[in-house]
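The values are calculated or read from the model by the stated rules, or taken from the named source; none is laboratory data. The structure displayed is predicted, hence computed values, not measured ones. Cβ atoms come from the backbone with ideal geometry, glycine included; neighbour counts cover every protein chain shown.
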Amino acid sequence: MANRQTLEWLRAEVQLWQKEGLVSPAQAQGILARPGYGELLTEPPSRRLTKLFAILGGLLVGAGLILFISSNWRAIPNAAKLTLVFETIIGAYFTGYRLRFGSSSRPGLAAGFFFLGAIAYGSGIFLVAQIYNFHADWRTGILYWFLGTLPLAYAVDSRPVLWLSLGTLILWCATQFEDTGGLFLVLWQGLGGLLMAASYVHLRRLQHRRFALIYFGLGSGLVLFTTLMMTFDGIARSLAADRATNEFVAFCTALLVLCFVAFVSLSVSPWSAGDPAYRRLYTVLLLALAPGILLLTGYKPGNAYLIGTNLLMFAECSGLILFGVAVRTKAYLHLGICFFLALVACRYFDNFWEYLPRSLFFVFGGVLMLLLGWFLEIKRRHWVAEFEGEE
Amino acid sequence: MRWQRLFLCIVTLQLLLLVGLVGLQQYRLSAWRPIRLRVEPVDPAALFRGRYVHLTYEFSRLRTASGEWEAGENIYVRLARDRRGLWRVAGFGRECDRRADAVCLQGRVKHVYPETQEVGQGRQMSFRQTGRFTLVIQTEIESYFISERQAHEIESLPRDRYAMAVDVVVANDGRAALKQLYVRGIPAEEFTP
């Protein structure tokens, strides 16, 4: 019997066949409308609501557990605290397992329990670190959290667990090299690129579209955010002044090289031959690594650097918008538009805050945002209508 | 079935990691050599783990005439016991100097600052380097986790009237683990000012 993953893959393939003229729109609809397919492809609203409440419940209980640990009640012996955490982990996973793989399958509820189990696992690591007074700068625990939850996300096909796992990886990258100040942004840039490359592997090789969207969204968000930060004069100069330790440079270099290799491979490999939009994207993304590489080599940013990063940011936003249109994915379109608006807002503040009277500054700024927002909304609706018309 | 087996495998590994961390620390606390050090606390908070007392020691800042130290390098501090039973700095270097009557504590050079001296007065005042350097050392035994209320109380105790010390265990290779913080000889969790 087909599962949801296989059907997601089938839907993406049928859309490609239709684009290439192999099947007509009526045939494509007929394939996807076969008995049983529709239910798996379209989650009923009631199931979505159950899943949402279950995940929120898991999140609240997990947050309560972390707060309980951080309050460090000495009245409760350490053995009792450890027992509570272990019981929560085992209980949550066991309940999730029975709900998911048992005779009466309730995947929506199971998702909440798996999420709670993943949070409890992280809490357990931090509880052990607290009990035994590990150094407060010990960040390896966050890495253990990531390594334990990433395979779990695949085993139980859980997007919330994947979000948690990738979130811990991003947090570890930001905190592991605290001595390097803001240079972790360079690390985030490389990590963002790798996540975007991983999204393509999920889409085409693993046929896991839902995970592919998460990887791409997080990855492109990281790349855009770090490039946006590098467009600020103060931040760029501060990054140049931050001292990178040898360990950081080695780690960052390895990450950026891996990213570079991934992008070049995806740009030229036969895998992506049928996806010209992805090929163009990964070719352009090679440029996105440039600001970080320059900072790592000790380059002192000046006006040329700032102009370059602003142009690069504009190219990245436009590229993501066009890419979203090409692959008919609204999320990418919206992300590109949001960051484009953020770029315009930041440059407007930077350039006119000191030179215009305050009242004129806000009036012009407001008019500009209204006009830009109106124009972008018209374009966005036009593109989304095109996607939905074809679907 | 394959995914179910994978799930069970992952959960087992997660639990083994936690048990392993506990077991490893219990082994260290029982097998490594115990020593007592004098401390000076400060009071911040850690992400996910709550309030802790940041401990600094005599060896947290070391003075040297050698300008060859760099941030990120490993450093070994040799400690010898004084008449009161506290372990004090007896030397430091890039390698562990193993002696029967001393222990080696491994640390990392976090920062290197050249020492300066004020020259002149008022508007003519400037700073001249003395040729000596201060090494800021980071060790594994600088964070003691305690409840919020107690952390604040301990931090605000006047140093000259409330002597603090820690029991630490040290391995042969210089690694160390914190066991217990004392205020006037009383465990910090039981102490009330």
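Being of a type in the set (A, V, I, L, M, F, W, C), within 11 Å of another protein chain (Cβ to nearest Cβ) and under 27 Å from residue A:242 (Cα atoms) is true for just one of A:155, A:136, A:118, A:129. Which residue is that?
A:136
Looking at the structure I just gave you, is residue B:88 under 14 Å from the mean Cα position of the chain (by Cα) and either part of a strand (DSSP E or B) or over 30 Å from residue A:130 (Cβ atoms) (or both)?
yes
If residue A:18 passes every condition in (1) within 14 Å of chain B (Cβ to nearest Cβ); (2) under 30 Å from residue A:278 (Cα atoms); (3) at pLDDT 75 or above but one, which one does it miss?
Here residue A:18 meets the rest and fails (1).
So, of the residues in region B:169-193 that are of a type in the set (S, T, N, Q) and free of Cβ contacts under 8 Å to residues at least 60 places away in the same chain, which turns out to be farthest from the other protein chains (Cβ to nearest Cβ)?
B:192
With farther than 17 Å from residue B:148 by Cα and surrounded by fewer than 15 Cβ atoms within 10 Å (Cβ to Cβ) as the only criterion, which of A:99, A:56 stands out?
Result: A:56 is the single residue among A:99, A:56 that is farther than 17 Å from residue B:148 by Cα and surrounded by fewer than 15 Cβ atoms within 10 Å (Cβ to Cβ).
What pairs can you find where one residue is in region B:65-76 and more than 14 Å from every other protein chain (Cβ to nearest Cβ), the other is surrounded by fewer than 14 Cβ atoms within 10 Å (Cβ to Cβ) and part of a strand (DSSP E or B), and their Cβ atoms are less than 7 Å apart, with a gap of 6+ or different chains?
Matching pairs, first to second residue: B:65/B:131; B:76/B:93.
Here's the yes/no breakdown for (1) more than 14 Å from every other protein chain (Cβ to nearest Cβ); (2) surrounded by fewer than 12 Cβ atoms within 10 Å (Cβ to Cβ); (3) modelled with pLDDT of 90 or more:
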site: B:78; (1), (2), (3): yes, no, yes
site: B:93; (1), (2), (3): yes, no, yes
site: B:114; (1), (2), (3): yes, no, no
site: B:139; (1), (2), (3): no, no, yes
site: B:151; (1), (2), (3): no, no, no
site: B:155; (1), (2), (3): yes, no, no
site: B:167; (1), (2), (3): no, no, yes
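Out of the residues in region A:98-152 meeting the condition of being in a helix (DSSP H, G or I) and among the charged types (D, E, K, R), tell me which one is nearest to residue B:19 (Cα to Cα).
Among those residues, the one meeting the criterion is A:98.
Those residues that are surrounded by fewer than 24 Cβ atoms within 10 Å (Cβ to Cβ) and touching a helix residue (DSSP H, G or I) at 6+ places or on another chain (Cβ under 8 Å), I need them from region A:143-153; list them, please.
Selection gives A:143, A:144, A:146, A:148, A:150, A:151, A:153.
Suppose the filter is under 20 Å from the mean Cα position of the chain (by Cα), crowded, with 19+ Cβ neighbours inside 10 Å and within 14 Å of chain B (Cβ to nearest Cβ); does residue A:222 pass it?
Considered against the rule, which asks whether it is under 20 Å from the mean Cα position of the chain (by Cα), crowded, with 19+ Cβ neighbours inside 10 Å and within 14 Å of chain B (Cβ to nearest Cβ), residue A:222 comes out as no.
Of everything in region A:158-186, what is within 14 Å of chain B (Cβ to nearest Cβ), in a helix (DSSP H, G or I) and of a type in the set (Phe, Trp, Tyr)? Give them in sequence order.
A:172
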